[in-house]
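One structure is given below, encoded as structure tokens.
Read-outs throughout are calculated quantities, based only on the coordinates presented, and are distinct from any laboratory measurement. Source: prediction; values computed, not measured. Here the Cβ positions follow ideal geometry from the backbone for every residue, glycine too, while neighbour counts run over all protein chains shown.
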Amino acid sequence: MTDAPDDVFPAPTVPRVPVRGGGSFPVRRIYCVGRNFADHAREMGATAPASKAERGTPVFFMKPADAIVTGPSVAYPPATSDLHHEVELVVAVGHDAPAGVLPVEQAHALVFGYTVGLDLTRRDLQAAAKAKGLPWDTAKGFDQSAPIGELVPLADAGALDARVLTLHVNGELRQRAPLSDLIWDVPEILHELSRLYALRAGDLVYMGTPAGVAALQRGDRFEASLDGIATLAGTIA
Ligand code: MN
């Protein structure tokens, strides 16, 4: 968003995520993947695919870019009494995708880097929406619903498959899973997104959460980690 002389008010600031080693990553869009770990799909009452051949198409939803929060303090949102944590791998897209559908084997070239984030969810509103077949926006796309850690450039992140995602709340382990458990891996998700949207530099993808989602209370301290290479710590205010 650039300032133009005829803007009727100052253009909103683009949300930015700090990058390890310096610089910042301006955020364009936030895509999220639902049901990307079988154990979480089951805990939410959905059926998990028995094999890759049976997995169908991924579930996508979005958050607004200004849902990003990098500070250590995250506001408890209004209109819920059941705020849930979902720890997730976050993929940062650093290049515009070529026109058309992105082949799986070319997807990796778009990735700038990785970090960990929380897909904060008003679970009560989501359950009500699901029951009525209504959209998830109020459950997922609220202010400060996307806490995110410092971005780790690709070269420093190494191979993802062997990495383990964890979330501790008040020192207690709540969620833990190896990324090898992802139903759809990063190149596959970027390929699937490119069938629906034009992927651009600045896009973030929250890759879905493993089992163990649960409520956060005001004052809770959270610590998310991708094997220690990327971390996110903060408090629910
Ligand atoms: Mn999620």
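The table for this structure:
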read-out: Under 5 Å, built H, 5+ apart or other chain: amide partners of A214; value: H85
read-out: Sequence-distant aspartates and glutamates (8 or more away, or on other chains) whose Cα lies within less than 17 Å of K130; value: E43, D82
read-out: Amide proton proximity set for V17, modelled H, under 5 Å, gap of 5+; value: F25, V27
read-out: Inter-part distance where the stretch 202-228 and the stretch 39-113 are each reduced to a Cα centre, Å; value: 11 Å
read-out: Pair V14, K132: separation of 7 Å Cα→Cβ label points (nm); value: 3.7 nm
read-out: Under the Karplus curve 6.51 cos²θ - 1.76 cosθ + 1.60, θ = phi - 60°, whole-Hz ³J(HN,Hα) for the stretch 38-52, x wherever Gly or Pro sits; value: 4, 5, 6, 3, 5, 5, 8, x, 9, 7, 9, x, 7, 7, 4
read-out: Approximate spin-label separation L154-S51, in nm, with each point projected 7 Å along Cα-to-Cβ; value: 3.2 nm
read-out: Cα gyration tensor of the stretch 19-236 - equivalent ellipsoid semi-axes, whole Å, descending; value: 24, 21, 17
read-out: Mean projection area, nm², convex hull over Cα of the stretch 27-117; value: 8.2 nm²
